[in-house]
Structure formats: C-alpha cells, structure tokens
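Structure first, then comments.
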Amino acid sequence: MFPGHDKLADLETQWPNCDRVQWYVNFPEPPPPHDPRPPYGLADLDDFLTHCAALHVLPILGLWDLTCAARVSRMNTELAPWWTEPAVVAVLNGHKEFLLVSCKLDAVCH
C-alpha cells in the first residue's frame, strides 16, 4: 500500500479481523541512517482505509503524534483539531461503516 512495501498484503494471508493503524498529523523523520519517508495525506488515508475494507480488515485509526509526550494537554490543541477538520471528517465518514476511531492518547512510555 505504501511506497516500497505493502504491509496490508501480509494481512490478506493472515485473516485478522482488525488492525491498529498508527497515523500521524506530522510524522517525525527518523534519525540517520534511516531514509526519510514521504508525507502521507488524506488521499493516502482514504486509499488505505478502502484497501482495509476490501480485505475485510477493520482498521482502528489513531493519531500517534504525541505518544510519550511530556504534556498530554497538547492533545487538545494539536490533535483534536485534526479530527474535526472538514476534509478529515469527510474521509472518515466515507468509511464509517468499516472503521473504528481511537481518540485516546498513549501518553505512557515504558
């Protein structure tokens, strides 16, 4: 699905009923020597969710930008607005029959 590799193809052979999707409003670039990845937009998310539905895999979509963040209050100012952007709402509504949304924040790092 994503450039260079299709991890959803692995799911097709394993037949899971759901998959947790780590999505980012602003994906952090990996440190060297890892290659940077291209940014993914709403069209990529829409395509990804469509592909999940075709495989009968229920996506559990969450935003992971603030995982392990020191100030979880940033969720209200940085992530909550993304969920309510009209373009985002339109994409999510287009998949609402086959989509779970997780608005929780994984703020604890182990």
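The figures follow:
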| read-out | value |
| --- | --- |
| Residues satisfying the stated conditions in segment 52-81, i.e. under 20 Å from ASN17 (Cα atoms) and assigned to a loop (DSSP other than H, G, I, E, B) | LEU55, HIS56, VAL57 |
| Any chance LEU49 is modelled with pLDDT of 90 or more and assigned to a helix (DSSP H, G or I) | yes |
| Selected residue [of a type in the set (D, E, K, R) and modelled with pLDDT under 75] from GLU85, GLU78, GLU12 | GLU12 |
| Filter result (among the small types (Gly, Ala, Ser) and touching a strand residue (DSSP E or B) at 6+ places or on another chain (Cβ under 9 Å)) within segment 76-103 | SER102 |
| Test: residue in segment 88-101 that is under 20 Å from PRO28 (Cβ atoms) and modelled with pLDDT under 90 | no |
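The values are calculated or read from the model by the stated rules, or taken from the named source; none is laboratory data. Predicted model, so just to flag it, every value in this text is computed and none were measured. Backbone-built Cβ (ideal geometry, glycine too); neighbour counts: all protein chains shown.
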